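The values are calculated or read from the model by the stated rules, or taken from the named source; none is laboratory data. Note that this is a predicted model, so its numbers are computed, not measured. Backbone-built Cβ (ideal geometry, glycine too); neighbour counts: all protein chains shown.
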Amino acid sequence: MLRTPVGGTRLDILEWLKDPGVHFPRARRADVAAQGVGADLVAAKLGVPRRVALTHLELLVDLGLLRTSRIRRRTYYRRDEVRIAEVARMFEKGW
């Protein structure tokens, strides 16, 4: 089921975004660690169409686990470490 918050693909994306410089190629004019990663790079790494990658990324944004930034017409995604830590604490406490 694609709309479940926990899934192997979304966990992979979160793991890759923990250290994007290692997992994604450096963009021509941007530093992926500072700026974030575009949906095109995530789609290429997953081996899926861009629209599928966007669905995963949008769900993670809706959950608050990723933050977005817009530069011109592109959206870049980064982890929200504070929110991820909050969610981890909730699960440690037994929800």
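Results, tabulated for the structure shown:
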item	result
Search result, residues across the range 38-49 that are in a helix (DSSP H, G or I) and exposed (fewer than 15 other Cβ atoms within 10 Å of the Cβ)	Asp40, Ala44
Enumeration of residues in the range 51-75 that are of a type outside the set (Val, Ile, Thr) and either touching a Phe, Trp or Tyr at 6+ places or on another chain (Cβ under 9 Å) or exposed (fewer than 13 other Cβ atoms within 10 Å of the Cβ) (or both)	Arg51, Leu57, Leu60, Asp62, Leu66, Arg67, Ser69, Arg70, Arg72, Arg73
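This table checks each residue for (1) under 13 Å from Arg78 (Cβ atoms); (2) at pLDDT below 90.
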position: Thr4; (1), (2): no, yes
position: Gly7; (1), (2): no, yes
position: Leu11; (1), (2): no, no
position: Ala27; (1), (2): no, yes
position: Asp31; (1), (2): yes, yes
position: Ala34; (1), (2): yes, yes
position: Val37; (1), (2): yes, no
position: Asp40; (1), (2): no, no
